[in-house]
Amino acid sequence: MLPQCQYKCSECGEYYDIRPEIMLCPHCAKKQHKNEPLRGILEVDYTPVSGLKPENYIPVDPGFFPDVPVGNTPLWKAPMRGVHKQLYLKDDSRNLSASFKDRASLLVAAFALQYGIKEIAVASTGNAGSSMAAIAAAAGLKSTIFLPENAPRAKMVQALQYGARLISINGNYDRAFDLSLEYSQKSGVLSRNTAYNPLTIEGKKSAAIELFHQMGKLPDYVFVPCGDGVILGGMYKGFQDLMRLGFTDRVPTLVAVQAEGSAAIYHALKKGKFHKKSSRTLADSIAVDVPRGGYYALRQLQRYAGKAVTVTDTSILAAQKKLSSTAGLFAEPAAAASYAGYEKMKKELPENACIVLLITGSGLKDIDAAMKKLSFPERSISRIEDLYED
Ligand SMILES: [Zn+2]
């Protein structure tokens, strides 16, 4: 059974039918200023149906979902020493294209198939693009990916390998975002731009619902790597749906972990408003000048008493190395940021707290960053005796 649902504006509360032409609330979008987060972000609002499971509250007919393994990613107890007894790793690098973004791409692809749309365009720092390319390939859809020219090579290789049309942008993610929107509007293709397409938030909520099932309860804290705020917004949407639909009675404390050089949401939570600032961090997946989902994420953080923390690039690289060498989990820098954020805050957290670190992408997507902390063998050997000679 499909639940009844509509889009609801997260700012003014107006309702809209769910259809491909509607992306933002037309009234609130008129108030949009340049260089600020998106106005009029829409949420999917459901009418509760008795007996329906939380994972069935989706706005697309399940018959249209491409049959690919996305979600249901492993959750395991962190084996590191000196951490909370109940510290868990939720490893979303184990998705089809090795990042969390597959959750949103899957829902957007299913929506495209339901409405007979043939092409999807997306701007990305790398992961959303390679993710959309992979899922589109499996769904028989065309994908056009706008990536900054300095995106990690492995993410470009992924997109090309999956058969996407790759548009390299002379500029950063923010420029790619604007150009890809212009392309979608001119060519009439579906935009998967994160925050702009409401299904990107809705797709990402599945991780929160999975956590609830996997743990048999809600965690107390979830550390979420945060750039434009849409993964954070999606996690909140999942926990909020669980509560609104009567499955739980609270929302966990989410901690937005931002790189010190790209911390717009952190600063907005402290000061109450956004200021545009050029981003600078090696964690490319969370490097944004304007967090497109910023207002939405900020509202959720304020409503549910969420927290935000910044971490330096040095601590991100240290966390990446420690996660690899103690848990066997090689995360990309943005993903390792959640562990770096936990390390920074762990003394403030109650001893018996149940804590989840969201790991959002694989380290194999950006080996240049990881190589900064490694030393390669100085010489090669041809006989085992060489090992014992000076
Ligand atoms: Zn509105």
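The values are calculated or read from the model by the stated rules, or taken from the named source; none is laboratory data. From a predicted model like this one, the values you see are computed outputs, not experimental measurements. When we count neighbours, we look across all protein chains shown, and the Cβ atoms used for this are built from the backbone with ideal geometry, even at glycine. Only protein heavy atoms, including side chains, enter the accessible area calculation; ligands, DNA and RNA are left aside. Shrake-Rupley method; radii C 1.70, N 1.55, O 1.52, S 1.80 Å.
Taking each residue of the range 25-43 that is open to solvent by less than 30 Å² (accessible area, probe 1.4 Å) and looking for partners that are more than 9 Å from the ligand (Cβ to nearest atom) and polar (S, T, N, Q) with beta-carbon atoms closer than 9 Å, six or more apart or interchain, yields LEU38/GLN32; GLY40/GLN32; GLU43/GLN240. For the range 96-103, the criterion of being more than 16 Å from the ligand (Cβ to nearest atom), open to solvent by 40 Å² or more (accessible area, probe 1.4 Å), within 28 Å of GLN161 (Cβ to Cβ) and touching a residue at least 12 places away in the same chain (Cβ under 8 Å) is met by at least one residue. For the range 186-213, taking the residues that are part of a loop (DSSP other than H, G, I, E, B) and open to solvent by 20 Å² or more (accessible area, probe 1.4 Å), the one that is modelled with the lowest pLDDT is identified as GLY188.
Counting only residues that are within 12 Å of the ligand (Cβ to nearest atom) and not hydroxyl-bearing (Ser, Thr, Tyr), how many does the range 11-22 have?
Here the count works out to 5.
Let me spell it out: the conditions are (1) near the ligand (Cβ under 9 Å from one of its atoms); (2) of a type in the set (A, V, I, L, M); (3) over 21 Å from LYS204 (Cα atoms), and LEU42 meets all of them except one. Which number is the exception? LEU42 satisfies every listed condition except (3). LYS8 falls short on exactly one of the conditions (1) in contact (Cβ under 8 Å) with a residue 24 or more places away in the chain; (2) of a type in the set (D, E, K, R); (3) more than 16 Å from the ligand (Cβ to nearest atom), and that condition is (3).
For the range 53-69: of the residues being out of contact with any strand residue (DSSP E or B) (no Cβ under 6 Å at 6 or more places or on another chain) and under 15 Å from GLY238 (Cβ atoms), which is least open to solvent (accessible area, probe 1.4 Å)? Can you show your working first?
Taking the range 53-69 as the starting set, the residues that turn out to be out of contact with any strand residue (DSSP E or B) (no Cβ under 6 Å at 6 or more places or on another chain) are 53-56, 58, 60-69.
Filter once more, so that each one left must be under 15 Å from GLY238 (Cβ atoms): 53-56, 58.
Numbers: LYS53: 118, PRO54: 12, GLU55: 81, ASN56: 63, ILE58: 35 Å².
Filtering first and then ranking leaves PRO54.
Screening PRO3 with (1) touching a Leu at 6+ places or on another chain (Cβ under 8 Å); (2) within 16 Å of the ligand (Cβ to nearest atom) gives one miss only, at (2).
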